[in-house]
Amino acid sequence: MPAPISLPDDPALLRIDGPIATITLNRPAAFNSINLAIAQKLEQLAAYIEADDDIRVVVLEGEGRAFSAGGDLQTIGAAAEAGTVTPVVGELLKHYHAFIEIVRRMPKISLSSVHGSAAGAGMGLAFVTDLCIAADDAKFTPAYAKIGVSPDGGSTVGIVGTVGSRRALQIFLSEDNFTAQQAYEWGLVAKTVPAAELKAATRKLAERLAQNPPAAIAGTKSLVYQAATTPVKQQLDAEEHKIIMAMNTDEFRSAVKKFTSKSK
């Protein structure tokens, strides 16, 4: 399958550099708020990345001054006024949820690179990826309770499993916003860096992650996400299956030879 061609005015752009794919949210005038067009494009790009065996890491970033302001309230507000919220938001979330499902299941590491503001579903997007790196002046804004709605955009998927239910309730119901440093302390952000260094630091981390062989990435990600809800015997069986699969790869055989030659 040929890589999708990204045009300058596409709502999301794809760039591939060796084993690293970068998706850039590309609605800077709207602070990369998520509408139907961007949701459809994200689903398309994620499906391509999932199917490309040469890609090991996918980076998600935002163009302009913000990572993402969340759901496009212009579109959603108009639908609320017209009484068409159910079909309009339902269609948007059908594609957006498909994108999130692909990101979570794909046997590749996803890394969000956050600058400026990540609000509402944009905050959810930052934390639904496997790892997040953030500029030290980035701000995360739950926003939901203030407009009378519950979390969406994968917010409960990415946040609750990381911080637990009590901290999640605090974030969603009592925090106007929180800093990158707080997010780091809560385990939501892997690393914070000065804003001017974010792109370089993101690239360095992505390259480090891409050094892991595909079997190691796929097996680790699968095991980690199923661990919280899987009975012990089933989890141990899954560990056995994944590690034996990985041990039957050329990457493992080469690594063992290198290790054992050093120990002699």
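The values are calculated or read from the model by the stated rules, or taken from the named source; none is laboratory data. Everything quoted here is computed from the prediction, not taken from an experiment. Neighbour counts run over all protein chains shown; Cβ positions are idealised from the backbone, glycine included. Just so you know, the surface numbers come from the protein's heavy atoms only, side chains and all, with ligands and any DNA or RNA stripped out. Shrake-Rupley method; radii C 1.70, N 1.55, O 1.52, S 1.80 Å.
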### Task
Quick one: count up the residues across the range 20-30 that are open to solvent by 40 Å² or more (accessible area, probe 1.4 Å) and not aliphatic (A, V, I, L, M).
2
### Summary
Matching residues in the range 161-210 (out of contact with any strand residue (DSSP E or B) (no Cβ under 7 Å at 6 or more places or on another chain), polar (S, T, N, Q) and closer than 22 Å to Val149 by Cβ) number 4
#### Entry: Test result for Lys191, open to solvent by 40 Å² or more (accessible area, probe 1.4 Å), at pLDDT 95 or above, out of contact with any His (no Cβ under 7 Å at 6 or more places or on another chain) and within 17 Å of Gly122 (Cβ to Cβ)
no
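Residues checked against (1) of a type in the set (Val, Ile, Thr); (2) in contact (Cβ under 8 Å) with a residue 40 or more places away in the chain:
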position: Gly161; (1), (2): no, yes
position: Ala183; (1), (2): no, yes
position: Leu188; (1), (2): no, yes
position: Gln226; (1), (2): no, no
position: Ala238; (1), (2): no, no
position: Ile244; (1), (2): yes, no
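Residues checked against (1) at positive phi; (2) open to solvent by less than 30 Å² (accessible area, probe 1.4 Å):
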{"residue": "Leu7", "(1), (2)": "no, no"}
{"residue": "Asp17", "(1), (2)": "no, no"}
{"residue": "Asn32", "(1), (2)": "yes, yes"}
{"residue": "Ile38", "(1), (2)": "no, yes"}
{"residue": "Ala46", "(1), (2)": "no, yes"}
### Query
When His241 is evaluated against the numbered criteria (1) open to solvent by 100 Å² or more (accessible area, probe 1.4 Å); (2) assigned to a loop (DSSP other than H, G, I, E, B), which criterion, by number, is the only one it fails?
(2)
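Table: residues versus (1) buried (at least 24 other Cβ atoms within 10 Å of the Cβ); (2) assigned to a helix (DSSP H, G or I); (3) in contact (Cβ under 8 Å) with a residue 40 or more places away in the chain.
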residue: Glu91; (1), (2), (3): no, yes, yes
residue: His95; (1), (2), (3): no, yes, yes
residue: Ala98; (1), (2), (3): no, yes, yes
residue: Arg104; (1), (2), (3): no, yes, yes
residue: Ser112; (1), (2), (3): yes, no, yes
residue: Gly122; (1), (2), (3): yes, yes, yes
residue: Leu125; (1), (2), (3): yes, yes, yes
### Query
Wholly within the range 148-196, which helices (runs of 4 or more DSSP H) include no fewer than the required count, namely at least 1 residues that are touching a Lys or Arg at 6+ places or on another chain (Cβ under 6 Å)?
none
### Message
Restricting to the range 246-264, and then to whatever is without any contact (Cβ under 8 Å) to a residue 24 or more places away in the chain and in a loop (DSSP other than H, G, I, E, B), can you tell me which residue is most open to solvent (accessible area, probe 1.4 Å)?
### Response
Lys264
### Query
If you take the residues in the range 48-72 that are open to solvent by 30 Å² or more (accessible area, probe 1.4 Å), in contact with a helix residue (DSSP H, G or I) (Cβ under 8 Å, 6 or more places away or on another chain) and not basic (Lys, Arg), which one is farthest from Ala121 (Cα to Cα)?
Asp53
